[in-house]
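The values are calculated or read from the model by the stated rules, or taken from the named source; none is laboratory data. These figures come from a predicted structure and were not determined experimentally. All Cβ positions, even for glycine, are placed from backbone atoms using ideal geometry, and neighbour counts span all protein chains on display. SASA here: full protein model, heavy atoms, side chains in, ligands and nucleic acids out. Shrake-Rupley method; radii C 1.70, N 1.55, O 1.52, S 1.80 Å.
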Amino acid sequence: MAITIRTAVETDLPALLALYGQLHPDDTPLPVDRAGPIWREITAQPGRTVLLASRDGVPAGTLDCTVLPNLTRGGRPFMLVENVVVDSSVRRRGVGRRLLAAAVDLARSTGCYKVQLLSRSTRDEAHDFYESCGFRQIAAGFRHYLAG
């Protein structure tokens with residue numbers, strides 16, 4: 001059962017959209033033809049990387065990470081991680097751990113001083129998982145959702 005992590009490409013959109021459907025099951029699925037232009041905007045952003053995990057060649061999880069320039073901390077950037085999801089059929093088999101490790105490695109290689117993620121999960125198991133991967137719950141998060 002080999003787990004591989006790589007940068008996602010546009011041909012991965014159907015797999016990514018299926019995974020995002022598990023992350024936000026109440027959202028209306030985004031059609032692939034509408035996702036293509038958005039994908040090209042994402043990949044054009046400097047510092048933006050969508051990682052895709054495969055287990056035995058089958059897409060199994062993803063996360064979206066962005067290295068952001070920063071004028072504090074001696075000018076060292078930081079990484080923001082979003083849209084972390086592992087297919088429900090392969091959870092607790094190392095996929096999420098490998099994805100987060102790959103993101104942390106990418107952050108290190110780009111000189112980031114921290115990797116930050118927010119979790120809207122009310123499940124303690126998700127928070128326990130993030131902590132087991134080296135993340136600490138040390139800040140309060142705030143969001144202001146915009147209509148539309």
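Only the Cβ atoms of Lys and Arg (+1) and of Asp and Glu (-1) were treated as charged; on that basis the dipole of the chain about its Cα centre amounts to roughly 540 debye. Taken per residue, the accessible surface of the stretch 18-63 reaches 58 Å², heavy atoms only and a 1.4 Å probe.
How big, in percent, is the set of alpha carbon pairs in the stretch 75-148 lying more than 14 Å apart? So the pairs more than 14 Å apart make up 67 percent of the total in the stretch 75-148. Please give me the summed charge of the neighbours of Ala15: other residues whose Cβ is under 13 Å from its Cβ, Lys and Arg +1, Asp and Glu -1. Around Ala15, the surrounding residues sum to -1. Please report the carbon-and-sulfur percent of the accessible area for the stretch 1-68; probe 1.4 Å, protein heavy atoms only, DNA, RNA and ligands left out. Of the solvent-accessible surface of the stretch 1-68, carbon and sulfur hold 59 percent.
Between Arg91 and Arg108, full extension at 0.36 nm per residue minus the direct alpha carbon distance yields a gain of 3.5 nm.
Every Cα-Cα pair of the chain was included, and the share exceeding 29 Å stands at 16 percent. For the stretch 11-71, the Kirkwood hydrodynamic radius from C-alpha pairs, put into Stokes-Einstein at 4 °C and a viscosity of 1.567 mPa s, yields a diffusion coefficient of 101 µm² per second.
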